[in-house]
Structure formats: C-alpha cells, structure tokens
Amino acid sequence: MDALMLRFLQGYVRETFGAPVWQSVCRRAALPVETFEPMLRYPPGLADDVAAHAAAVLGRPADTIWEDMGTYLVTSPGHEGVRRLLRFGGVGFADFLHSLEELPGRARLAMPDLDLPEIHLTERAADRFVLECRSHLKGTLRVMSGMLTAMADDFGTLCLIEPAGDDRISIRVLDQDHAAARPFDLARPEE
C-alpha cells in the first residue's frame with residue numbers, strides 16, 4: 001500500500017505543483033530516488049513521512065495534501081480508470097457507498113498483490129453513514145475522504161463528509177439530486 005500511495009503522491013505533486021516542487025520534497029526527505037514504482041515494496045510509513053515533507057515544502061497540512069490527492073485520483077483525466085472502478089459500484093451515491101466494502105476485492109482482480117485496507121460501511125439512517133477504513137498509513141482516511149467528496153460530485157450529490165476519529169468517516173447526504181450527475185456508461189468510451 002505504501003508503494004501505491006507514494007506513486008500517487010508523486011503524481012499529484014508533480015502534476016499540480018510541478019516537477020521542481022516534487023524534487024524539493026525528495027531532497028527534503030533525503031530520498032535516494034524521485035520516482036516510486038507501485039509494485040515495489042517500501043518501508044512501512046514512508047508514504048506518511050514523504051507527505052509530511054511535502055506539507056513542509058508546500059506550506060499546507062499533510063491531511064489537506066492527502067485529501068486533495070484523493071480528489072485528484074478521481075478527477076484527473078489521467079486516472080479515469082480509478083473513477084470507472086468506483087462508478088461500477090452503483091447507480092446512485094448511496095449504492096456507491098454500499099459497494100465500497102467490495103472495493104478491495106475488485107482492486108485485487110486487477111492487481112492481485114495489492115493490499116488495500118478493509119472497508120466497512122454502517123448505514124445509520126437513509127442519509128447518514130459511517131465508513132470505517134483501517135490502515136497503518138495515517139493518510140489513508142484523508143485520501144478516502146477526498147475520493148468520497150469527488151465521487152459525491154460525480155453523482156451530483158451534496159454531502160457533508162468529515163473524518164470522525166482515527167479510522168472513521170462520517171457521511172451525511174444533504175441532497176441526493178443537488179446537481180446533474182456526470183455521465184457514465186459501462187462501456188469504455190472510444191478514443
């Protein structure tokens with residue numbers, strides 16, 4: 001999981017702030033490389049350390065960087081596959097939320113060695129949910145918050161999404177039909 005988070009963090013900082021900023025992060029973190037490979041293994045916690053250095057370079061909290069990265073993973077044109085994987089979860093936002101428990105299994109179909117955190121959703125009421133996501137990486141919950149926010153926008157749903165503890169996210173659906181949903185078709189669009 002560290003490798004994937006490091007690769008996404010690298011892509012987010014490079015695409016959003018530029019290669020020189022990413023190079024500054026790498027120097028500050030005393031990294032021997034500037035490129036992370038998603039299939040390699042890195043020391044546990046390295047992703048959180050690099051995010052802390054990125055926070056110092058960018059002058060932003062690490063939680064904000066992780067959350068913005070989660071949004072980037074869903075909205076960046078270069079990551080359409082992530083959005084498509086998530087949209088397979090249902091017609092509406094509530095369906096999508098219920099499908100999140102299946103996400104680690106679906107992701108392992110594409111990448112068998114991928115070790116995603118287990119996800120559990122509790123529906124407290126028709127418009128209130130609590131998502132549990134346990135991971136050794138501190139940034140995982142914030143990345144998930146950013147992804148959920150982007151997906152709510154994708155479905156045209158107005159939500160209040162807030163971290164509610166070390167491993168939980170509180171989700172309150174305020175308006176299921178706040179805006180038009182972004183078009184989605186099961187068939188991959190032709191290039």
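Each reported figure results from applying straightforward, stated rules to the coordinates on display, with no laboratory input. Quick caveat, the model's predicted, so the values are computed rather than measured. Note: ideal-geometry Cβ built from the backbone for every residue, glycine included; neighbour counts use all protein chains shown.
The C-alpha atoms of the chain define a longest principal axis, and helix 140-155 lies at about 40 degrees to it. Judged by the ratio a/c of the largest to the smallest principal axis of the C-alpha gyration tensor, region 2-74 counts as rounded, that ratio being less than 1.5.
Axis angle, to the nearest 10 degrees, between helix 19-28 and the longest C-alpha principal axis of the chain: 60 degrees. Computed FRET efficiency, Cβ-Cβ of Phe17 and Asp127, R0 45 Å: what is it to the nearest 0.05? After rounding to 0.05, the efficiency reads 0.80. Shown is the FRET efficiency for Glu80 and Ala30, computed with R0 = 35 Å from the Cβ-Cβ distance and rounded to the nearest 0.05: 0.50. Counting charges near Leu160 (Lys, Arg +1; Asp, Glu -1) among other residues having Cβ under 15 Å from its Cβ returns a value of -1. Computed extension length for Lys138-Arg168: 9.6 nm, one decimal, from 0.36 nm per residue of separation with the Cα-Cα distance subtracted.
Just name one of Thr64, Gln176, Gly81: the one whose Cα is farthest towards the positive end of the charge dipole of the chain (beta-carbon charges, Lys/Arg +1, Asp/Glu -1). Result: Thr64, furthest along the dipole toward the positive end.
Based on C-alpha pairs under 8 angstrom that are at least 6 apart in sequence, the chain has a relative contact order of 18 percent. You can think of it this way: the chain between Ala56 and Asp115 has 18.4 nm of extra reach, that is 0.36 nm per residue less the Cα-Cα gap. Over all other residues within a Cβ to Cβ distance under 15 Å of Ala56, the charged ones net out to 0, with Lys and Arg as +1 and Asp and Glu as -1.
Taking a sphere under 14 Å around the Cβ of Phe129 and counting the other residues whose Cβ falls inside, with K and R at +1 and D and E at -1, yields a net charge of -2. Summed over qualifying helices (DSSP H, 4 residues or more, each -39500 (n - 2.57)) and divided by its residue number, the chain shows a 222 nm mean residue ellipticity of -15000 deg cm²/dmol.
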